[in-house]
1. Pairs under 7 Å by beta carbon, first residue more than 16 Å from Asp312 (Cα to Cα) and polar (S, T, N, Q) in region 228-243, partner assigned to a helix (DSSP H, G or I) and at pLDDT 95 or above, six or more apart or different chains?
2. Which residues, taken from region 172-195, are within 24 Å of His251 (Cβ to Cβ) and surrounded by 18 or more Cβ atoms within 10 Å (Cβ to Cβ)?
3. Is one or more of the residues making up region 120-133 in contact with a strand residue (DSSP E or B) (Cβ under 8 Å, 6 or more places away or on another chain), crowded, with 18+ Cβ neighbours inside 10 Å and charged (D, E, K, R)?
4. State all residues of region 87-97 that are more than 16 Å from the chain's Cα centre (by Cα) and either closer than 24 Å to Glu142 by Cβ or part of a helix (DSSP H, G or I) (or both); if no residue qualifies, say none.
5. Of the residues Val111, Val116, Val61, which single one is buried (at least 24 other Cβ atoms within 10 Å of the Cβ) and aliphatic (A, V, I, L, M)?
6. With respect to Val82, determine if the residue is under 27 Å from Met211 (Cβ atoms) and either part of a loop (DSSP other than H, G, I, E, B) or β-branched (Val, Ile, Thr) (or both).
7. So Asp105 clears everything in (1) part of a loop (DSSP other than H, G, I, E, B); (2) surrounded by 19 or more Cβ atoms within 10 Å (Cβ to Cβ) except one condition, right? Which one?
8. Quick one: in region 308-323, of everything that is buried (at least 19 other Cβ atoms within 10 Å of the Cβ) and touching a helix residue (DSSP H, G or I) at 6+ places or on another chain (Cβ under 9 Å), which residue is farthest from Lys85 (Cα to Cα)?
Amino acid sequence: MAINAPIALTSTQGQENRMRSPAGLIPLYGDFGDSSLALPTGEDAQPAAKDLQNTLWVRTVQNQGIIQIWAPLYTMFSRGNVTEKARILGQGPSQHTFQGLNERDLQGQAVKDISVVDMYAGIGYFVFSYLRRGVKRVWGWELNGWSVEGLRRGCEANGWGCKILHVSSDGQLDTSINDLVHSLTEADRVVIFHGDNQFAAQILGGIQRAMENQGTWNPVRHVNLGLLPSSQPSWDNACRVLDLQRGGWLHVHENVDVRDIETKTQKIVTELISLRGEVHHGQGITQDVTVSCDHIEHVKTYAPGVMHCVFDIRLEASSGSGV
């Protein structure tokens, strides 16, 4: 038993709480693990193996059997996201359809032949819904080492293979791209990069080239952008990793004043046209960029007058792409 609290947007030192650590949780009763652990804080402070063993891990089952596991002292969990998870799974009502996970929307491509990028994977909040829906693989990014371990445990509990790679502060992997590509098996449904997603396009671009050379690449048709209050810092990388030849969808999570949702929609579309245009320019593509908002999902009330929205943004295919 514990007293919960909202996830603070900044740390006690005034820095952005990008790891979304639940510093306000106060244990009241029960064994939460070794409370004497003097764990450092901040993005550079990651748990050691003994720390992972000596804390409390809890689990829940949602969305018709998907298991999620987390350490409540160090990782957030939002029960309010259950409707968005269901939408990805195709379990919601028809007016809440999640496009791009059937052959019609994918223009003949099977769901089992596509991959997804989740820029803020967490403990697998949305990752697991994509996997259960049948995508080939999810490439995920996560800063918080406790969340990475929760995701690993969740994958194991659900029967999905998970490979974890560490990304240094200067964007270097702890293995070569060729070694990673040659080590991947059909069972590796999730590849998690433990590090900053600012390196996503750089690293995934190298992986794509290597896997295309051996005929094993599955195009990225969806990018999940699930950070609140805004996922905007990762929009540029999202536009770069989404498949150029086929196009796809960005699922942009934002906290929005309920009076400004239409205005926010246009701002998102305009910004993504610009960012995707930069990708076109870099590839020598002269075709105009086509971006539209297919759907706006009202997930939950974040605060009075503030709605957690998901904007399903479609980026059309780019003809003449050399990617």
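The values are calculated or read from the model by the stated rules, or taken from the named source; none is laboratory data. Bear in mind the structure is a predicted one, so any value in this text is a computation, not a measurement. In this analysis, Cβ positions are derived from the backbone assuming ideal geometry, glycine residues included, and neighbour counts consider all displayed protein chains.
1. Asn237/Asn197; Asn237/Gln198; Asn237/Ala200; Asn237/Ala201
2. Of region 172-195, the ones within 24 Å of His251 (Cβ to Cβ) are 188-195.
Listed by number, the residues that qualify are Arg189, Val190, Val191, Ile192, Phe193, His194, Gly195.
3. Looking through region 120-133, at least one residue is in contact with a strand residue (DSSP E or B) (Cβ under 8 Å, 6 or more places away or on another chain), crowded, with 18+ Cβ neighbours inside 10 Å and charged (D, E, K, R).
4. Within region 87-97, Ser94, Gln95, His96 qualify.
5. Val116
6. Working: under 27 Å from Met211 (Cβ atoms): no; either part of a loop (DSSP other than H, G, I, E, B) or β-branched (Val, Ile, Thr) (or both): yes.
Criteria not met by Val82.
7. (2)
8. Out of the qualifying residues, it is Ser318.
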